[in-house]
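Structure record follows, encoded as structure tokens.
Where a number appears in this text, it was derived from the coordinates with a stated rule and is not lab data. Computed from a predicted structure; not experimentally measured. Using ideal geometry, Cβ is built from the backbone for each residue, glycine included, and neighbour counts are taken over all protein chains shown.
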Amino acid sequence: MQRSQKPGERAGCLPENAGETPKGVQNQMEWYETGDGVETWQEVLLVYNAALRQIETKMEILNEEFQHVHQYNPIEHIKSRIKTPESIVKKLRRNGLDSTIENMVNHVNDIAGIRIICSFTSDIYRIADMIEKQRDIQVMTVKDYIMFPKASGYKSYHMIVTVPVYLSDKTVDAKVEIQIRTVAMDFWASLEHKIHYKFEGDAPEHIKQELVDCAHMVSDLDDKMLQLNEEILELSHMQEVEREEREKERRRQQELENQIRPE
């Protein structure tokens, strides 16, 4: 399992100068105490990076346990990021909210985001189930875009969860958006995202249709790969049963020979 990050950047973190509010955003954000939560952008970084590390660590442990128990890793790799102040301000403005820390924490659910990439669609629901069973993770919302894809063809499984971050003088429940998708879904989504921004959200209709057609091909590929994997697992199981039967027969023959062998 691999973590993805930008060169010179630690996974889940902004660049080193991100502790300072970027010019042009500083005057847009009004820093003030929320009473029981985070109070400054620096503390936002601290809390949400801590939340990301907790989720990443949990996923690594579960992946290693799955390998130990089932000799299989459902997670291919993990990507994580903290939303930039510019993106947060834009999202608040779109929703008609003032650019404050309080509104950021209460109304922006994807400040911290983690993407879990797996091999097969069956892994997606297996991973989601493992997350839901974590006692210190509270699932707030779930959006299943695999069963119900977006009109664009986008497929993924989204969860908004909270995880407690224990500071020296308080505990902050930090929200993290978790996206779970296959390698093929991630490939399509990455290209669709680039095209969306290239055309500023207004791509020509024929390109939109081509993307939808590609999404269908990706879905067919995922289905085919899952089918092949299940067939391989079934064949492996049959071979293991046959090996066990041959070993049992060999032991029976050995016992019979021992019984009739003259002393």
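Remark: for residue pairs 90/143; 155/208; 90/150, the C-alpha separation exceeds 20 Å in 90/143; 90/150. Computed packing ranks the peptides 158-164, 136-142, 65-71 as 158-164, 136-142, 65-71, most packed first, by mean other Cβ atoms within 10 Å. For residue 156, nonlocal amide neighbours, meaning residues 5 or more places apart or on other chains whose placed amide H falls under 5 Å from its own, are 145, 146.
Residues 222, 213, ranked from the fewest to the most other C-beta atoms within 10 Å, line up as 213, 222.
Provide the net charge surrounding residue 211, with neighbours chosen by a C-beta distance below 14 Å and charges set as Lys +1, Arg +1, Asp -1, Glu -1. Don't skip to the answer; put the middle values down first.
Values: positive: 150, 155, 194, 198, 208; negative: 192, 202, 205, 210, 213.
Around residue 211, the surrounding residues sum to 0.
Got the relative contact order for the range 49-147 handy, in percent, Cα pairs under 8 Å and 6 or more residues apart? Computed over the range 49-147, the figure is 30 percent. In a shell of Cβ-Cβ distance under 9 Å around residue 48, excluding residue 48 itself, what net charge do Lys and Arg (+1) and Asp and Glu (-1) give? The answer is +2. With the cut-off at under 16 Å, measuring from each backbone N in the range 107-124 to a point 7 Å along the Cα-to-Cβ line of residue 229 picks out 116-124. Restricting the GluC sites (Glu not before Pro) of the range 104-209 to loop positions (DSSP other than H, G, I, E, B) with no more than 13 neighbouring Cβ atoms within 10 Å leaves 200. Can you pull out the chymotrypsin sites (Phe, Trp or Tyr not before Pro) in the range 174-260 that DSSP calls coil and that have at most 14 other Cβ atoms within 10 Å? Qualifying residues, ordered by number: 199.
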